[in-house]
Amino acid sequence: MLRTCDSQFANCELRINPYICAMRQHNGMRPQDIVVLLKIIALDNKPWQNKDLSWSLHISSSEISECLNRNYIAGLIESQKKKVSRQSLMEFLEHGLHYVFPVVPGPLTNGIPTAHSHPFMSEYFKSDEYYVWPDFEGRTRGSAIQPLYKELAKSVKNDDMLYKLLALIDVIRVGRARELKVAVSELKKIILHEP
């Protein structure tokens, strides 16, 4: 009898609060979840559908749906899964990203400049050490930074804003303190519209 009551209570609870059911399906954030949110921000309020994100990010439509669901459960996108919870995202990027998705620079390779080697950051910091996302078409040689997902290099070639956002968060992932302040400040300007 107790098991039946417990079962009935659980079913009733799930009908009343579907969020509980959704929580059971969340298996942790994936790196591409952050990329999807940054792409939505880069679109600058232009209308989009899942298939648009899928095409531009080279991620399957089903994975886009899963990304949006994980982001909703994490509180990083609103219930309609169209509007990013910008304050929450910024808090995560600034204080949690380097713990969840850390990176250690790898061997020298050709690729696309990222982190402090991105053109925006290189205006502030001069360095003979370059960081790149490995890419066989890349013309810059530097230490390899593992991108947040496999097709990232393809995705940024036609989207300057997404490229800038992802390079700025690589500054956070690499953990270089002297560049961190500039990167966080610029991210806040873009994500939170701070002056």
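Out of TYR163, TYR149, report the one residue that is part of a helix (DSSP H, G or I), buried (at least 16 other Cβ atoms within 10 Å of the Cβ) and either outside the structural domain of MET121 (by TED's automatic domain parsing) or in contact with a helix residue (DSSP H, G or I) (Cβ under 9 Å, 6 or more places away or on another chain) (or both). Explain how you work it out, then say what you get.
Values: TYR149 fails: part of a helix (DSSP H, G or I).
Answer to the check: TYR163.
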**OP:** Residue by residue through region 157-185, note down the ones that are modelled with pLDDT under 95 and among the small types (Gly, Ala, Ser).
**Re:** GLY175, ALA177
Original post:
Just for region 104-120: of the residues that are surrounded by fewer than 19 Cβ atoms within 10 Å (Cβ to Cβ) and in contact (Cβ under 8 Å) with a residue 24 or more places away in the chain, which one is nearest to ILE172 (Cα to Cα)?
Top reply: PRO105
**OP:** Identify the single condition in (1) touching a helix residue (DSSP H, G or I) at 6+ places or on another chain (Cβ under 7 Å); (2) not in a helix (DSSP H, G or I) that LEU168 does not satisfy, given that it satisfies every other one.
**Re:** (2)
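Of LYS154, LYS188, which residue is among the charged types (D, E, K, R), at pLDDT below 95 and closer than 28 Å to PRO47 by Cα? Full working, then the answer.
Working: LYS188 fails: at pLDDT below 95.
When all the criteria are applied, what remains is LYS154.
Please work out which residue is nearest to SER185 (Cα to Cα), limiting yourself to region 123-139 and to residues that are surrounded by fewer than 22 Cβ atoms within 10 Å (Cβ to Cβ) and touching a helix residue (DSSP H, G or I) at 6+ places or on another chain (Cβ under 7 Å).
Per the criteria, the residue is TYR124.
The rows are residues; the columns are (1) under 24 Å from ALA153 (Cα atoms); (2) more than 15 Å from the chain's Cα centre (by Cα); (3) at pLDDT below 95.
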site	(1), (2), (3)
ASN50	yes, yes, no
SER56	yes, no, no
SER60	yes, yes, no
ILE64	yes, no, no
LEU68	yes, no, no
ILE77	no, no, no
GLN80	no, yes, yes
SER88	no, no, no
PHE92	yes, no, no
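The values are calculated or read from the model by the stated rules, or taken from the named source; none is laboratory data. Here the structure is a predicted model, which means the values were calculated and not measured. So basically every Cβ, Gly included, is an ideal-geometry build from the backbone, and we count neighbours across all protein chains shown.
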